[in-house]
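Trainee: Pasting in a structure now, in structure tokens, and then I'll have a few things to ask.
The values are calculated or read from the model by the stated rules, or taken from the named source; none is laboratory data. Nothing here was measured: the structure is a model prediction, and the numbers come from that model. Neighbour counts are summed over all protein chains in view; Cβ atoms, including those assigned to glycine, are modelled from backbone coordinates with ideal geometry.
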Amino acid sequence: MSECRGRRFRRLTALLVLTGTVAFAAVPAAAVARTHADSTVVVLLGNTVIEPRSALSYDCHDRDYPIIRCFRSPMERAQEQAAVASMSVPSDYSTAEALALLSPYVRWYRDAGFSGPSFEAYDPYRDLGPIGWDNQISSFIPLNGGHPVWWTGSNFTSTRWDWGTGSVANLGLANDQFSSVSKV
């Protein structure tokens with residue numbers, strides 16, 4: 001658990017280095033207050049808080065976890081991510097180091113053939129249910145050398161599926177079966 005917190009702390013530090021506090025200023029204070037008490041995740045579509053499970057209907061990323069940012073198209077998501085990546089970085093923190101912490105390791109899709117709504121994950125998920133993706137994934141593309149490992153049970157349990165670093169356009173028997181994802 002502390003290793004995961006360490007990665008998130010480094011990612012947060014890199015994000016702050018790249019964007020200052022702009023990324024967090026964009027989250028309305030009321031957004032966190034309106035989040036369901038049983039959830040630690042805030043899902044935003046623009047500056048509007050949406051139901052966490054509705055992330056399944058949009059093109060989202062979790063770079064700012066526990067804030068998940070959703071967009072109406074993959075192009076909008078890519079533009080936002082490019083804007084963050086283009087920010088200047090102080091000389092004592094290399095751009096490569098900062099961007100490595102801010103790189104998603106997998107993009108998964110609701111539909112086969114890399115189509116439909118998608119999600120770019122920067123961290124593993126013990127339970128895809130709270131963000132609506134439990135038993136919904138039909139294809140995926142590893143990103144930035146990522147190696148996702150999929151599980152049919154939450155908490156990385158039950159059947160394990162591992163395709164290495166290859167993209168999978170059709171999951172066959174594993175279609176719509178994943179409840180958690182880890183990264184190697």
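Trainee: Evaluate region 100-116: report whether one residue or more is modelled with pLDDT under 90, more than 17 Å from residue 71 (Cβ to Cβ) and among the hydroxyl-bearing types (Ser, Thr, Tyr).
Mentor: yes
Trainee: Same structure again: Pick from region 136-163 the residues that are part of a loop (DSSP other than H, G, I, E, B) and small (Gly, Ala, Ser): which of them is farthest from residue 54 (Cα to Cα)?
Mentor: Taking the candidates together, the pick is 145.
Trainee: While we're looking at this one, here's another question. Identify the residue in region 82-95 that is at pLDDT 70 or above and either touching a strand residue (DSSP E or B) at 6+ places or on another chain (Cβ under 7 Å) or among the aliphatic types (A, V, I, L, M) (or both) and, among all such residues, is farthest from residue 55 (Cα to Cα).
Mentor: Out of the qualifying residues, it is 87.
Trainee: Give me the pairs, please: first residue somewhere in region 47-65 and more than 19 Å from residue 138 (Cβ to Cβ), second residue anywhere and crowded, with 21+ Cβ neighbours inside 10 Å and hydroxyl-bearing (Ser, Thr, Tyr), beta-carbon distance under 6 Å, and either six or more positions apart or on two chains.
Mentor: Going by the 6 Å Cβ cut-off, the qualifying pairs are 62/122; 63/122.
Trainee: Condition first: part of a loop (DSSP other than H, G, I, E, B) and either without any contact (Cβ under 8 Å) to a residue 12 or more places away in the chain or within 16 Å of residue 132 (Cα to Cα) (or both). Now tell me which residues in region 164-184 satisfy that. Steps first, please.
Mentor: Here is the first cut: in region 164-184, the residues part of a loop (DSSP other than H, G, I, E, B) are 164-167, 169-171, 175-179, 184.
Matches in region 164-184: 175, 176, 177, 178, 179.
Trainee: Taking region 117-164 as the region of interest, how many residues are small (Gly, Ala, Ser) and either within 19 Å of residue 71 (Cα to Cα) or surrounded by 21 or more Cβ atoms within 10 Å (Cβ to Cβ) (or both)? Write out each step before concluding.
Mentor: Narrowing region 117-164 to residues small (Gly, Ala, Ser): 118, 121, 129, 132, 138-139, 145-146, 153-154, 158, 164.
With either within 19 Å of residue 71 (Cα to Cα) or surrounded by 21 or more Cβ atoms within 10 Å (Cβ to Cβ) (or both) added as a condition, the list becomes 118, 121, 132, 138-139.
Count: 5.
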